[in-house]
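Visitor: Right, I'll just put the structure down here and ask away after.
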Amino acid sequence: VLQLGSGNLPPAALSTLDPATGIADRPIAPGAIFRVTGARLSNGTAAAAPDRWPTSLSGAEVLLDGRPLPIFNTTPDSITVQA
(Lines give C-alpha, C1' and ligand atoms only; values in the text may rest on other atoms or scores of the structure.)
Protein backbone atom coordinates (compact mmCIF):
# COMPACT_ATOMS: atom_id res chain seq x y z
CA VAL A 1 0.00 0.00 0.00
CA LEU A 2 1.41 3.38 -0.98
CA GLN A 3 0.08 6.54 0.53
CA LEU A 4 0.82 10.16 -0.34
CA GLY A 5 0.43 12.99 2.10
CA SER A 6 -0.81 15.40 -0.57
CA GLY A 7 -1.55 15.72 -4.26
CA ASN A 8 -4.56 15.52 -6.52
CA LEU A 9 -3.74 12.28 -8.30
CA PRO A 10 -3.16 8.95 -6.54
CA PRO A 11 0.25 7.31 -6.77
CA ALA A 12 0.77 4.73 -9.49
CA ALA A 13 3.15 1.98 -8.34
CA LEU A 14 4.46 -0.09 -11.21
CA SER A 15 6.86 -2.52 -9.55
CA THR A 16 9.32 -3.23 -6.78
CA LEU A 17 13.01 -3.58 -7.53
CA ASP A 18 15.93 -5.07 -5.63
CA PRO A 19 18.57 -2.31 -5.99
CA ALA A 20 21.45 -4.74 -5.40
CA THR A 21 20.52 -7.18 -8.17
CA GLY A 22 18.21 -5.12 -10.39
CA ILE A 23 15.61 -7.91 -10.28
CA ALA A 24 12.01 -6.67 -10.24
CA ASP A 25 9.00 -8.00 -8.34
CA ARG A 26 10.80 -10.55 -6.13
CA PRO A 27 9.39 -11.59 -2.75
CA ILE A 28 10.47 -9.12 -0.05
CA ALA A 29 12.42 -10.59 2.87
CA PRO A 30 12.38 -9.00 6.34
CA GLY A 31 15.11 -6.36 6.53
CA ALA A 32 15.51 -6.21 2.75
CA ILE A 33 16.06 -2.86 1.05
CA PHE A 34 13.93 -2.42 -2.05
CA ARG A 35 12.76 0.31 -4.40
CA VAL A 36 9.16 1.00 -5.40
CA THR A 37 8.92 2.56 -8.86
CA GLY A 38 6.03 4.30 -10.53
CA ALA A 39 4.64 7.81 -10.88
CA ARG A 40 3.54 10.51 -8.41
CA LEU A 41 5.04 8.56 -5.49
CA SER A 42 6.36 11.57 -3.56
CA ASN A 43 6.26 15.35 -3.51
CA GLY A 44 9.95 15.63 -4.45
CA THR A 45 13.49 14.36 -4.10
CA ALA A 46 14.88 13.84 -0.60
CA ALA A 47 17.31 11.61 1.26
CA ALA A 48 17.18 10.60 4.91
CA ALA A 49 20.12 11.02 7.26
CA PRO A 50 22.37 7.94 7.12
CA ASP A 51 21.72 7.06 10.76
CA ARG A 52 17.98 7.69 10.86
CA TRP A 53 15.40 6.63 8.30
CA PRO A 54 11.96 8.20 8.86
CA THR A 55 8.69 6.47 7.99
CA SER A 56 7.51 9.53 6.03
CA LEU A 57 9.62 11.56 3.60
CA SER A 58 8.60 14.11 0.92
CA GLY A 59 4.95 13.41 1.68
CA ALA A 60 5.31 9.69 0.95
CA GLU A 61 4.71 6.70 3.21
CA VAL A 62 5.04 3.01 2.32
CA LEU A 63 3.02 0.51 4.33
CA LEU A 64 3.64 -3.23 4.41
CA ASP A 65 0.91 -5.21 6.17
CA GLY A 66 -0.29 -1.89 7.62
CA ARG A 67 3.11 -0.98 9.10
CA PRO A 68 5.07 2.06 7.89
CA LEU A 69 8.50 1.19 6.53
CA PRO A 70 11.70 3.23 7.02
CA ILE A 71 12.42 5.35 3.93
CA PHE A 72 15.97 5.91 2.65
CA ASN A 73 15.19 8.27 -0.23
CA THR A 74 12.43 9.50 -2.52
CA THR A 75 11.99 10.92 -5.98
CA PRO A 76 8.67 11.54 -7.69
CA ASP A 77 9.06 8.20 -9.50
CA SER A 78 10.74 5.99 -6.85
CA ILE A 79 10.98 5.35 -3.12
CA THR A 80 13.72 3.23 -1.51
CA VAL A 81 12.63 1.56 1.74
CA GLN A 82 13.60 -1.21 4.16
CA ALA A 83 11.19 -4.02 5.00
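Visitor: Taking only pairs six or more apart or across chains, which ones have beta-carbon atoms under 8 Å, a first residue in the stretch 36-54 that is outside any strand (DSSP E or B), and a second residue that is charged (D, E, K, R)?
Guide: That search, which allows pairs on different chains as well, returns L41/D77.
Visitor: Then there is this: For the stretch 56-83, name all the residues that are on the phi > 0 side of the Ramachandran plot and either among the basic types (K, R) or open to solvent by less than 50 Å² (accessible area, probe 1.4 Å) (or both).
Guide: The answer is S58, G59.
Visitor: Just for the stretch 27-63: of the residues that are of a type in the set (A, V, I, L, M) and more than 15 Å from L17 (Cα to Cα), which one is modelled with the lowest pLDDT? Before you say what the answer is, go through the steps one by one.
Guide: Looking only at the stretch 27-63, we keep the residues that are of a type in the set (A, V, I, L, M), and these are 28-29, 32-33, 36, 39, 41, 46-49, 57, 60, 62-63.
Right, trim to more than 15 Å from L17 (Cα to Cα) and you get 46-49, 57, 60, 63.
Values: A46: 96, A47: 96, A48: 95, A49: 94, L57: 94, A60: 90, L63: 86.
The selected residue is L63.
The values are calculated or read from the model by the stated rules, or taken from the named source; none is laboratory data. Computed from a predicted structure; not experimentally measured. Methodologically, a virtual Cβ is constructed for each residue, glycine included, from the backbone with ideal geometry; neighbour enumeration extends over all protein chains shown. Please note that ligands, DNA and RNA were not included when accessible areas were found on the heavy atoms of the full protein model with its side chains. Shrake-Rupley method; radii C 1.70, N 1.55, O 1.52, S 1.80 Å.
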